[in-house]
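Participant: Structure provided below as structure tokens; questions to follow.
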Amino acid sequence: MADDENTEVEESDVSEKANEPVPRFDPEALGQDSAGKNSDDAIYVDDMYGDWFLDYASYVILERAVPHADDGLKPVQRRILHSMKELEDGRYNKVANVIGNTMKYHPHGDASIGDAMIQLGQKDLLIDTQGNWGNVLTGDSAAAPRYIEARLTPFALEVIFSPKVTEWASSYDGRNKEPVTFPVKFPVLLAQGAEGIAVGLSTKILPHNFNEILDAMIEALRKNSVNLLPDFPQGGIADCTDYNGGARGGRVRVRARIEKVKKHLLKITEIPFGTTTTSLIDSILSANDKSKIKISKIEDNTAEFVEIMVHLPSAVSAEDALPALYAFTDCEVSLAPNACVIHNNHPQFLSVNDLVKSSANLTREFLRQELEIKLSELQEKWHFASLEKIFIEKRIYRDIEKEETWEGVIAAVDKGLKPYVKIFKRVVTQDDILRLLEIKIKRISKYDSFRADELIKGFEDEIEEVEAYLAQITRYAVRYLKELKKKYGKGRERKTEISQSENGELVPFDKIVASQVVVANETLYLNRKDGFAGFALKKDESIEKCSTLDDVVVFGKDGVMKVMKVADKMFVGKSPLRVAVFRRDDQKVYNMVYRDGKSGRLYAKKFKVGGVTRDKEYPLFKGHSKSRIFFFAVHDSEKKNSNILVHLDPELKRVREKVIEFDFAWLEVQGRGVKGSTLTAHKVDRVVNAPREISEEVEKEAKEDSSPPKTEIKKESPSTDESKKTEPVKPAVKNESPSSSVKSKNEKVAPKDQGTFDFEGN
């Protein structure tokens with residue numbers, strides 16, 4: 001009953017509290033107790049976030065994503081190699097066993113360790129693999145860790161490990177010791193490359209050739225300049241003109257090696273770095289689907305070597321298809337190196353040349369440390385061998401027979417050695433005496449003095465040799481690197497061809513303009529009535545062939561020009577003057593006659609379309625409600641010009657000659673924004689093309705007399721003062737009736753390929 005009563009009381013309290021209003025969250029009350037005083041126990045979220053974020057960022061940078069400059073390894077790679085060294089017995093180990101052993105040192109799952117080990121094995125430098133380790137060419141994944149095996153390569157055993165020089169630290173759980181960094185005597189980082197994404201930064205170091213790295217290190221030790229260029233295991237052709245020594249901001253362009261087999265058949269034998277045959281084929285098929293290139297069939301025959309057969313249609317030649325493959329597919333890729341490494345426990349951005357010099361100096365230092373350790377060991381061996389010789393030959397061991405205590409024994413041996421202390425290279429310690437006392441009587445009885453002298457002499461020769469190496473440590477380091485190249489450099493020749501001239505100077509790839517090599521398999525259509533253009537309006541007026549990368553230039557009746565990206569359907573304005581494909585190197589010349597609405601004068605101008613910004617409107621004359629275009633024509637070059645007739649208003653009483661003949665050859669090509677030259681200040685009825693016979697007569701006269709026409713044309717710039725009333729000089733014209741020299745007013749002139757437009761009416 002007591003329990004039941006207590007339960008009822010608790011439920012009652014809960015129900016009463018549930019009816020109480022819930023206090024609202026007050027941010028200003030954070031850090032204050034009920035009395036309104038600041039609480040020392042308050043924890044702010046922003047403070048926690050700042051601390052946790054910095055801790056996490058530092059951990060990711062230092063312990064996961066960025067390699068160390070000293071040994072070129074990430075922590076997981078270093079722990080894998082250390083674990084493999086522990087298991088090393090000359091035989092292959094299951095990768096699953098290596099992963100399990102590595103988990104003693106790496107605080108992450110087996111999947112991350114396995115992926116890192118597969119990547120190391122595919123580099124073919126530090127790990128000797130057996131089984132299906134995947135294919136870097138095709139992108140095929142490796143088999144499960146329980147099915148593949150690995151062991152350290154002889155190269156790794158020689159250059160990576162040196163326990164006596166290695167700095168050690170406790171593992172994450174404190175049960176084991178692991179290396180802080182390996183005393184690597186070769187820049188593994190430059191040979192293998194590295195890539196990683198951390199918090200706020202990333203690293204991307206391209207691989208380089210094994211033998212060239214060793215040569216560069218030798219040059220660095222000799223204080224010569226270093227210029228190391230990347231070399232990719234997939235081969236290809238590289239443009240390294242902007243490599244910038246591998247520093248941040250540089251760039252490398254890599255192309256696949258493509259051979260012409262037949263007129264309509266190409267073979268890809270090498271692929272760019274970072275791609276696979278699968279991804280490359282996908283990019284080719286995607287470009288074909290987007291109508292940027294045209295192929296009929298593609299075959300992948302890749303096995304040990306890359307072999308991709310690209311079949312072309314009969315209308316496409318291999319010479320035309322090759323630039324398009326580089327422009328629109330992964331047959332050409334751009335790589336941006338970013339050499340971020342851990343140096344002095346901080347991330348730093350260095351260049352490849354800096355890493356070569358640093359590695360060369362580190363190699364020399366590690367070799368010096370190994371020599372010093374070896375020298376110390378040799379000296380210890382010589383010291384004890386000399387002690388042993390004197391101890392036995394001088395029968396000092398007999399002095400201990402009379403001693404009854406252990407202290408007396410030690411003192412007796414020490415006394416017996418004192419006459420010979422001058423021949424030793426260091427002081428005789430108690431540990432030395434204890435070692436002498438551990439010599440068995442059997443060895444003393446069979447002691448060979450001659451062999452002992454030879455042993456001591458051998459130690460002295462080795463000591464002399466090591467001291468000589470230390471005195472010339474740079475020469476010793478160069479010799480060591482040359483031996484590495486001789487021993488392990490065979491079969492590691494350069495695979496990537498560098499784009500350079502005959503004298504060895506770096507040259508860039510030929511510039512490929514995408515708009516020039518894309519397949520023009522679309523047609524530009526125009527709906528003048530509704531003002532739409534595009535390659536999807538197949539029922540409307542056909543303009544010309546185009547590609548999906550082209551731009552379109554539009555001239556409106558309002559005198560506004562605009563360049564637009566071609567699309568399936570786009571608005572270009574009602575009844576445009578001209579809609580055509582626009583190219584940046586276009587040499588077309590435009591002839592135009594317009595009326596300035598403000599002054600009422602008629603102007604003529606001849607211009608080209610220069611540099612323009614896409615989707616920006618460019619007015620060809622000042623906008624005004626009464627401004628309008630009377631004539632517009634386009635020609636392929638400056639050699640061709642329009643010859644026009646300007647018909648004045650027939651109602652003009654004081655003007656005798658109502659028709660003015662004008663040839664655009666009299667004008668020079670100007671900018672599209674200039675005002676032009678004044679034709680007349682009178683009211684104009686229409687402007688039309690001159691009849692053929694008149695044009696031919698004008699051309700004949702121009703050939704006979706190259707001097708400018710007698711008629712003076714007044715040129716005006718936009719800054720001309722319109723307030724000045726100057727009567728223009730009339731050009732000499734033939735006074736012909738409209739019925740005899742030109743087409744009737746009601747007869748319309750059809751445009752020919754949008755080349756010429758006549759405008760009639762006031």
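The values are calculated or read from the model by the stated rules, or taken from the named source; none is laboratory data. Here the structure is a predicted model, which means the values were calculated and not measured. All Cβ positions, even for glycine, are placed from backbone atoms using ideal geometry, and neighbour counts span all protein chains on display.
Participant: Cβ-Cβ under 8 Å, sequence separation 6+ or interchain: first residue in the stretch 367-383 and under 13 Å from Glu465 (Cα atoms), partner assigned to a helix (DSSP H, G or I) and hydroxyl-bearing (Ser, Thr, Tyr). Which pairs?
Facilitator: Final answer for the pair search is Leu371/Tyr469; Leu371/Tyr476.
Participant: Here is a further query. When Val159 is evaluated against the numbered criteria (1) in contact with an Asp or Glu (Cβ under 8 Å, 6 or more places away or on another chain); (2) buried (at least 20 other Cβ atoms within 10 Å of the Cβ); (3) within 22 Å of Glu365 (Cβ to Cβ), which criterion, by number, is the only one it fails?
Facilitator: Status for Val159: all satisfied but (1).
Participant: What's the number of the only condition in (1) touching a residue at least 40 places away in the same chain (Cβ under 8 Å); (2) part of a loop (DSSP other than H, G, I, E, B) that Ala143 fails to meet?
Facilitator: Looking at each condition in turn, Ala143 falls short on (1).
Participant: OK, next. Any idea which of (1) under 18 Å from Glu668 (Cβ atoms); (2) modelled with pLDDT under 90; (3) not small (Gly, Ala, Ser) is the one Lys622 doesn't satisfy?
Facilitator: (1)
Participant: Next question. Is there a residue being under 14 Å from the mean Cα position of the chain (by Cα) and under 29 Å from Cys546 (Cα atoms) anywhere in the stretch 276-287?
Facilitator: To start, the set of residues in the stretch 276-287 that are under 14 Å from the mean Cα position of the chain (by Cα) comprises none.
Checking the stretch 276-287: not a single residue is under 14 Å from the mean Cα position of the chain (by Cα) and under 29 Å from Cys546 (Cα atoms).
Participant: When you look at Arg426, is it modelled with pLDDT under 90, over 60 Å from the mean Cα position of the chain (by Cα) and exposed (fewer than 11 other Cβ atoms within 10 Å of the Cβ), yes or no?
Facilitator: Considered against the rule, which asks whether it is modelled with pLDDT under 90, over 60 Å from the mean Cα position of the chain (by Cα) and exposed (fewer than 11 other Cβ atoms within 10 Å of the Cβ), Arg426 comes out as no.
Participant: Could I ask something else about it? Sort out which residues of the stretch 661-676 are more than 15 Å from Tyr594 (Cα to Cα) and in contact with a Leu (Cβ under 8 Å, 6 or more places away or on another chain), and write them in order of number.
Facilitator: The one that is more than 15 Å from Tyr594 (Cα to Cα) and in contact with a Leu (Cβ under 8 Å, 6 or more places away or on another chain): Glu661.
Participant: For the stretch 42-58, check the following and say yes or no: at least one residue is modelled with pLDDT of 55 or more, in contact with a helix residue (DSSP H, G or I) (Cβ under 8 Å, 6 or more places away or on another chain), of a type in the set (Asp, Glu) and assigned to a helix (DSSP H, G or I). Can you show your working first?
Facilitator: Of all residues in the stretch 42-58, those modelled with pLDDT of 55 or more come to 42-58.
Filter again for in contact with a helix residue (DSSP H, G or I) (Cβ under 8 Å, 6 or more places away or on another chain), leaving none.
Checked against the condition, which is being modelled with pLDDT of 55 or more, in contact with a helix residue (DSSP H, G or I) (Cβ under 8 Å, 6 or more places away or on another chain), of a type in the set (Asp, Glu) and assigned to a helix (DSSP H, G or I), the stretch 42-58 yields no hits at all.
Participant: Restricting attention to the stretch 533-573, and to residues there that are touching a residue at least 60 places away in the same chain (Cβ under 8 Å) and within 17 Å of Arg584 (Cα to Cα), which single residue is surrounded by the most Cβ atoms within 10 Å (Cβ to Cβ)? Explain how you work it out, then say what you get.
Facilitator: Our first condition is that a residue be touching a residue at least 60 places away in the same chain (Cβ under 8 Å); within the stretch 533-573, this holds for 543, 547-549, 551, 555, 557-561.
Right, trim to within 17 Å of Arg584 (Cα to Cα) and you get 547-549, 551, 555, 561.
Numbers: Ser547: 20, Thr548: 18, Leu549: 21, Asp551: 17, Phe555: 26, Met561: 21.
Ranking the qualifying residues of the stretch 533-573, first place goes to Phe555.
Participant: Being part of a helix (DSSP H, G or I), closer than 24 Å to Phe459 by Cβ and out of contact with any Cys (no Cβ under 6 Å at 6 or more places or on another chain) narrows it down to one residue among Asp431, Asp399; which is it? Show your work before the answer.
Facilitator: On the way: Asp399 fails: closer than 24 Å to Phe459 by Cβ.
Among Asp431, Asp399, only Asp431 is part of a helix (DSSP H, G or I), closer than 24 Å to Phe459 by Cβ and out of contact with any Cys (no Cβ under 6 Å at 6 or more places or on another chain).
Participant: Restricting attention to the stretch 431-479, and to residues there that are in contact with a helix residue (DSSP H, G or I) (Cβ under 8 Å, 6 or more places away or on another chain) and hydroxyl-bearing (Ser, Thr, Tyr), which single residue is farthest from Ile390 (Cα to Cα)?
Facilitator: Ranking the qualifying residues of the stretch 431-479, first place goes to Thr474.
Participant: Residues that are within 19 Å of Glu497 (Cα to Cα), over 23 Å from the mean Cα position of the chain (by Cα) and buried (at least 16 other Cβ atoms within 10 Å of the Cβ): does the stretch 237-257 have at least one? Step through it out loud before you land on a result.
Facilitator: Restricting attention to the stretch 237-257, the residues satisfying the condition of being within 19 Å of Glu497 (Cα to Cα) are 237-246, 250-257.
Right, trim to over 23 Å from the mean Cα position of the chain (by Cα) and you get none.
Taking every residue of the stretch 237-257 in turn, none turns out to be within 19 Å of Glu497 (Cα to Cα), over 23 Å from the mean Cα position of the chain (by Cα) and buried (at least 16 other Cβ atoms within 10 Å of the Cβ).
Participant: So, in the stretch 666-685, of the ones that are touching a Lys or Arg at 6+ places or on another chain (Cβ under 9 Å) and among the small types (Gly, Ala, Ser), which residue ends up nearest to Lys639 (Cα to Cα)?
Facilitator: Ranking the qualifying residues of the stretch 666-685, first place goes to Gly671.
Participant: I need every pair where a residue in the stretch 413-442 that is free of Cβ contacts under 8 Å to residues at least 12 places away in the same chain has its Cβ under 8 Å from the Cβ of a residue that is of a type in the set (A, V, I, L, M, F, W, C) and surrounded by 10 or more Cβ atoms within 10 Å (Cβ to Cβ), sequence separation at least 6 or different chains.
Facilitator: That search, which allows pairs on different chains as well, returns Val421/Val428; Val427/Val421.
Participant: Can you say whether Leu285 is out of contact with any Gly (no Cβ under 7 Å at 6 or more places or on another chain), surrounded by 22 or more Cβ atoms within 10 Å (Cβ to Cβ) and not in a loop (DSSP other than H, G, I, E, B), as far as the supplied structure shows?
Facilitator: Values: out of contact with any Gly (no Cβ under 7 Å at 6 or more places or on another chain): yes; surrounded by 22 or more Cβ atoms within 10 Å (Cβ to Cβ): no; not in a loop (DSSP other than H, G, I, E, B): yes.
So Leu285 fails the test.
Participant: Right, next: Among the candidates Lys204, Lys164, Lys177, Lys223, which residue alone is surrounded by fewer than 21 Cβ atoms within 10 Å (Cβ to Cβ) and touching a Phe, Trp or Tyr at 6+ places or on another chain (Cβ under 7 Å)? Break it down stepwise before answering.
Facilitator: On the way: Lys204 fails: touching a Phe, Trp or Tyr at 6+ places or on another chain (Cβ under 7 Å); Lys164 fails: touching a Phe, Trp or Tyr at 6+ places or on another chain (Cβ under 7 Å); Lys223 fails: touching a Phe, Trp or Tyr at 6+ places or on another chain (Cβ under 7 Å).
None of the others qualify; the one that does is Lys177.
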